[in-house]
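Novice: Okay, handing you the structure first.
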Amino acid sequence: MVLRKLVVMLCLLSICGLALVLRLPEFDRKNGIKEVFIHDHGDRIEYTIVFWDEDHPRALTDLLYDLYRFYRWGRFYDIETFFVYPDRIYFPDDFCESESFFQLEDLHNPAELTLDLFEHLDGEPVVYVSTWNHMFSNKPLSGVGYLSYKVEDSVSGTRADAERNYSWRYNLTLKITVGLFFASLISMVITILLKTRSRSCVVFKGLTTAFIATVAMLNSQGIEWLIFAGLAFSLIGDVFLEFDRLFLQGMLAFFTTHLLYSIAFVKLFGVSPWWIFVLVYTVVLLQYIPLRKYLGPMKIAVLLYTLMIATMLALSFAVLRHEIYYARTLIPAGAVLFAFSDSYLAWDRFVRKLPMRNFLVLFTYFLGQLFIALSTVI
């Protein structure tokens, strides 16, 4: 009995040591593998695969299902689990020997297949992703190119550990983040409604940015703390801009925000292609040139600020050069909204009063900041 257990353990360790090879269709790379959890149960090894997302073939259905999945399971990530025994692989409900990656029927199936039924690469069994919702198979789809993912670097843990990491239903930090997200939206609406009616809007304006900054504070790691620092300076700028005599100080606070964001983007994602800089600087400076004659003694200050926000905006697109999905791809959208808000505010302040000023300036500003803060979430 002891010898048999030893043999089983050696087989399992051999499998775990050699790892598996997971193959994902190239056209689904944006929903690729984010993390793999491995746990030794003694007689079997549990593999839990975390995918960035899953995309239903029908766009509207996909959107509705994403919302349902976020409510029901507390995550957008797709998580699938199977078990490797010394002589077989067991799929509890995520096996599908499909004919098409985009099929909608006969998806969740149990299966238990011996290892000799799998292809092997350098002695390692190959498991294929065979459908859009990441069912597994031992066979490739005809005419499909695959990306190989060798399961070597992994996290020790079970399916429950994966859920605790990625679902707000089991993760207190994510639960608070969801609460802050809705709190910031409510506070934003109150700020916009009170803007021309009451000085108390200053409180709600600061509160909105504080909620957004707390999202970044709770989720930031490493260089992402610069994003939180940028939001802290934004909070200062929000208060200063409510008083005309402190406008220059408010602009300096936001200049610091853009500088901190720029450093964070470079450290995280590198530098955007040169043509992005040319395009962004051209657009931004073309807005500055007609504005210049209205600025008086503020010409140099506004020019420096314009160049700083253009730099931040150009650098925000560096994230798109990487195979990064999800929250971090919100950064360019957030930067564009932030830049639009600043531009609209400048024209309203220095040239002439613009329609829907409060809504367009505050809505795009808060939404842009929220997108940037959400980029720190897992």
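The values are calculated or read from the model by the stated rules, or taken from the named source; none is laboratory data. Just so you know, these numbers come straight off a predicted model, no measurement behind them. All Cβ positions, glycine included, derive from the backbone under ideal geometry; neighbour counts span all protein chains shown. Only protein heavy atoms, including side chains, enter the accessible area calculation; ligands, DNA and RNA are left aside. Shrake-Rupley method; radii C 1.70, N 1.55, O 1.52, S 1.80 Å.
Novice: Taking the condition buried (at least 16 other Cβ atoms within 10 Å of the Cβ) and among the polar types (S, T, N, Q), does residue 148 pass?
Specialist: Details: buried (at least 16 other Cβ atoms within 10 Å of the Cβ): no; among the polar types (S, T, N, Q): yes.
Spelling it out, it is not the case that residue 148 is buried (at least 16 other Cβ atoms within 10 Å of the Cβ) and among the polar types (S, T, N, Q).
Novice: Being open to solvent by 30 Å² or more (accessible area, probe 1.4 Å), over 30 Å from residue 174 (Cα atoms) and out of contact with any Lys or Arg (no Cβ under 6 Å at 6 or more places or on another chain) is the filter here; which residues of the stretch 83-96 pass it?
Specialist: The first filter runs over the stretch 83-96 and keeps only residues open to solvent by 30 Å² or more (accessible area, probe 1.4 Å), leaving 83, 85-88, 90, 92-93.
Pick out the ones that are also over 30 Å from residue 174 (Cα atoms) and you get 85-88, 90.
Selection gives 86, 87, 88, 90.
Novice: Of all residues in the stretch 309-330 being of a type outside the set (Lys, Arg) and at pLDDT below 70, which is least open to solvent (accessible area, probe 1.4 Å)?
Specialist: So in the stretch 309-330, the residues of a type outside the set (Lys, Arg) come out as 309-320, 322-327, 329-330.
Add one more test, that the residue is at pLDDT below 70, and what stays is 323-327.
On the way: 323: 135, 324: 44, 325: 56, 326: 39, 327: 18 Å².
Top of the filtered list is 327.
Novice: May I pose another question? Pairs only if they're at least six apart or on different chains, beta carbon under 6 angstrom, first in the stretch 186-214 and modelled with pLDDT of 90 or more, second exposed (fewer than 15 other Cβ atoms within 10 Å of the Cβ) and part of a helix (DSSP H, G or I); list them, first residue then second.
Specialist: What qualifies is 192/359.
Novice: Can you find even one residue in the stretch 243-257 that is within 30 Å of residue 166 (Cα to Cα), open to solvent by less than 30 Å² (accessible area, probe 1.4 Å) and not polar (S, T, N, Q)? Can you show your working first?
Specialist: We begin by selecting, within the stretch 243-257, every residue within 30 Å of residue 166 (Cα to Cα); these are 257.
When the remaining residues are screened for being open to solvent by less than 30 Å² (accessible area, probe 1.4 Å), the result is 257.
Narrowing the set further to residues that are not polar (S, T, N, Q) leaves none.
Within the stretch 243-257, none of the residues are within 30 Å of residue 166 (Cα to Cα), open to solvent by less than 30 Å² (accessible area, probe 1.4 Å) and not polar (S, T, N, Q).
Novice: Among the residues of the stretch 118-132, count how many are surrounded by 19 or more Cβ atoms within 10 Å (Cβ to Cβ) and assigned to a loop (DSSP other than H, G, I, E, B).
Specialist: 4
Novice: Can you tell me which residue among 45, 38 is open to solvent by less than 10 Å² (accessible area, probe 1.4 Å) and closer than 15 Å to residue 161 by Cβ?
Specialist: On the way: 38 fails: open to solvent by less than 10 Å² (accessible area, probe 1.4 Å).
The unique qualifying residue is 45.
Novice: Which one is farthest from residue 349 (Cα to Cα) among residues in the stretch 212-242 that are open to solvent by less than 40 Å² (accessible area, probe 1.4 Å) and outside any helix (DSSP H, G or I)?
Specialist: For the stretch 212-242, the residue satisfying everything is 220.
Novice: So is residue 80 open to solvent by less than 80 Å² (accessible area, probe 1.4 Å), at pLDDT 95 or above, of a type in the set (D, E, K, R) and not in a loop (DSSP other than H, G, I, E, B) or not?
Specialist: It is true that residue 80 is open to solvent by less than 80 Å² (accessible area, probe 1.4 Å), at pLDDT 95 or above, of a type in the set (D, E, K, R) and not in a loop (DSSP other than H, G, I, E, B).
Novice: A further question follows. Return the residue satisfying two criteria in turn: it lies in the stretch 339-362 and is under 21 Å from residue 227 (Cβ atoms) and in contact (Cβ under 8 Å) with a residue 60 or more places away in the chain, and of such residues it is least open to solvent (accessible area, probe 1.4 Å).
Specialist: Top of the filtered list is 362.
Novice: Another question, then. Show the residue pairs that are 6+ apart or on different chains and have beta-carbon atoms under 8 Å apart, the first residue being within the stretch 267-296 and hydrophobic (A, V, I, L, M, F, W, C), the second being in a loop (DSSP other than H, G, I, E, B).
Specialist: Close Cβ pairs satisfying both conditions: 269/322; 269/324; 291/351.
Novice: When you go through (1) among the small types (Gly, Ala, Ser); (2) under 27 Å from the mean Cα position of the chain (by Cα); (3) surrounded by 16 or more Cβ atoms within 10 Å (Cβ to Cβ) one by one for residue 160, which number turns out not to apply?
Specialist: The number of the failed condition is (3).
Novice: Quick check on residue 147: is it touching a residue at least 60 places away in the same chain (Cβ under 8 Å), part of a strand (DSSP E or B) and within 28 Å of residue 100 (Cβ to Cβ)? Walk me through how you get there before you give the answer.
Specialist: Details: touching a residue at least 60 places away in the same chain (Cβ under 8 Å): yes; part of a strand (DSSP E or B): yes; within 28 Å of residue 100 (Cβ to Cβ): yes.
Here the answer is yes, as residue 147 does meet what is asked.
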